Structures are given as C-alpha cells and as structure tokens.
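For reference, the structure discussed in these notes is given below.
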Amino acid sequence: MGIRETAKALEVIGFREVYFTEKISSTPKGSFKKPEKNKEELLKRHFESFKDCTKCPLHKSRTQVVFGDGNPYSPVVFVGEAPGEEEDIQGRPFVGRAGKYLNRKIEEVLGLKREEVYITNVCKCRPPGNRKPTSAEISACFPYLKKELEIIKPKVICCLGATAGEGILGKKFSITKVRGQTFPYPYDPSIKVFLTYHPAYILRNPRADGDFTQDLEELKRLLGL
C-alpha cells in the first residue's frame, strides 16, 4: 500500500492528519530487505528464560523442556499438543511416528521440507503416559507459546488437533466440526488460525487421511503457495 492509499485508509477510521518523522524510501524490485529482527537469537533468549520452568506438575516427570523447531521466518507455524516419548528424549517436537507422517504430508501437499516451516507445541513438557494436557497445564504454558508466536509472527498458525486449538483460541470444541476452518488469532487478528486434525489421529484413523490432505490444500491456498 502506498502513502496515498495509507492516508486514505487512516482517514476512513478517523485520522485527519498524518505526520512522517523519518524519510521514506522504497526497496528496488529484485532486492530483499534484511530482516529487522534476528528471530533465531530472540527465540534462543526466550527458551533460555523458561527451560527450567516449574510452573506446573509436568516438570516433575519430564526429561527436558521441548521448545519449537524449524524456520522462524516461515509464514506458517504448526502447533501440536505436547511432546511425546521420543520428543521428550530428543528435545525436538514431532520426531516420532506422527512427526514423520506430518513431514511427509507437508512435503507432498505444501511442497515444503520440514526445515522450511516452524513446528511447536501448546505444552512444552511431556504429560505422563502421553495423556492430554489439562486446561491448567495449557494455561501455565501458554505465555511461552504466545511469546514464541509474537517473535515469529507467521501468516498462519495451523493448529493440529483440538488441544492446540484450545490453547490458541482459548475455548474447547470438537475438531471434527471445525476442521478446515479459519479464525483470527485473538492476540493478533492479522494472523489466521487454521484448524485440522493431529497427525496421531490420522495414524489411528487412516480414513481421515483424505480430510487431512484436503485441509492442507486449503492451508496451501491461505499461504499463497
């Protein structure tokens, strides 16, 4: 949007005068602006700030806190439920069977490799027996995810399963009723929240693979890929 268009848009919502305090320059076509923030460094500092977290009982049984992984400049962030056994051991999200399935679908449907996207979880510690995190555990961990997303600022947050959706949107729902739908992210409405199944659900219910593929096709459209 140019200066005139911006001024007109501001006028519509009540601004009559606009002042620019710095010289505005345009970036020539074919060149790329260097990112204003070093997101890798910001994420590293963020992780260091809570890697020894004891805010909820999950710290008593975890091996380690599992932070997000991937490209922080990705337009999409995949958010799952919580680390499983393999994730707890390796310290990376989605490295078990569900992760391998997700990697394959991302490449097949989106045309992207795992290292080109960013993957994280609502809860950063493994619940005992891989049970679903409680609402209290989700709430305790959410500020860490919120800050993570604030640093990355993706175009789309793709929630994998109802638990991820509950953490991001702050309400419970049936994933079978809302999958494939898009909602505004409550803390930044410019970011879209897209809902689909958790890969582990597909492994338990192979017939849902077609629905998951369909959802990823819609995600691809939202991302403009």
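The values are calculated or read from the model by the stated rules, or taken from the named source; none is laboratory data. Everything quoted here is computed from the prediction, not taken from an experiment. We place every Cβ from the backbone using ideal geometry, glycine too, and count neighbours over all the protein chains shown.
Taking Thr182, is it touching a Phe, Trp or Tyr at 6+ places or on another chain (Cβ under 9 Å), farther than 23 Å from Val95 by Cα, modelled with pLDDT under 95 and of a type in the set (Ser, Thr, Tyr)? Answer is no for this residue.
Within the set of pairs 6 or more residues apart or between chains, which connect a residue that is hydroxyl-bearing (Ser, Thr, Tyr) inside segment 185-199 to a residue that is in a loop (DSSP other than H, G, I, E, B) with Cβ atoms less than 7 Å apart? Within 7 Å, the pairs are Thr196/Arg179; Thr196/Gly180; Tyr197/Gly161; Tyr197/Arg179.
Yes or no, residue by residue, for (1) within 16 Å of the chain's Cα centre (by Cα); (2) crowded, with 17+ Cβ neighbours inside 10 Å; (3) modelled with pLDDT under 95:
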site	(1), (2), (3)
Lys172	no, no, yes
Asp188	yes, no, no
Lys192	yes, yes, no
His198	yes, yes, no
Pro206	no, no, no
Glu217	no, no, no
Arg221	no, no, no
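Give the residue, chosen from Thr182, Thr213, Thr176, that is of a type outside the set (Asp, Glu) and free of Cβ contacts under 8 Å to residues at least 12 places away in the same chain.
Within the list Thr182, Thr213, Thr176, the selection yields Thr176.
Just so you know, in segment 88-117 the residues that are touching a Gly at 6+ places or on another chain (Cβ under 8 Å) and surrounded by 19 or more Cβ atoms within 10 Å (Cβ to Cβ) include one that is modelled with the lowest pLDDT, and it is Gly96. All conditions in (1) at pLDDT below 95; (2) part of a loop (DSSP other than H, G, I, E, B); (3) under 23 Å from Glu85 (Cβ atoms) hold for Arg126, with the sole exception of (1). If the condition is being surrounded by fewer than 16 Cβ atoms within 10 Å (Cβ to Cβ) and more than 19 Å from Val117 (Cβ to Cβ), then segment 40-57 contributes Glu41, Arg45, Glu48, Ser49, Lys51, Asp52, Thr54, Lys55, Pro57.
Looking only at segment 54-61, decide whether some residue is within 19 Å of Val193 (Cβ to Cβ) and of a type in the set (Val, Ile, Thr).
There is no residue in segment 54-61 that is within 19 Å of Val193 (Cβ to Cβ) and of a type in the set (Val, Ile, Thr).
Only residues that are touching a residue at least 40 places away in the same chain (Cβ under 8 Å), crowded, with 21+ Cβ neighbours inside 10 Å and in a helix (DSSP H, G or I) were counted in segment 150-163, giving 2. For segment 83-112, a residue qualifies if it is assigned to a loop (DSSP other than H, G, I, E, B) and over 16 Å from the mean Cα position of the chain (by Cα), and the qualifying residues are Gly84, Gly91, Val95, Gly96, Gly111.
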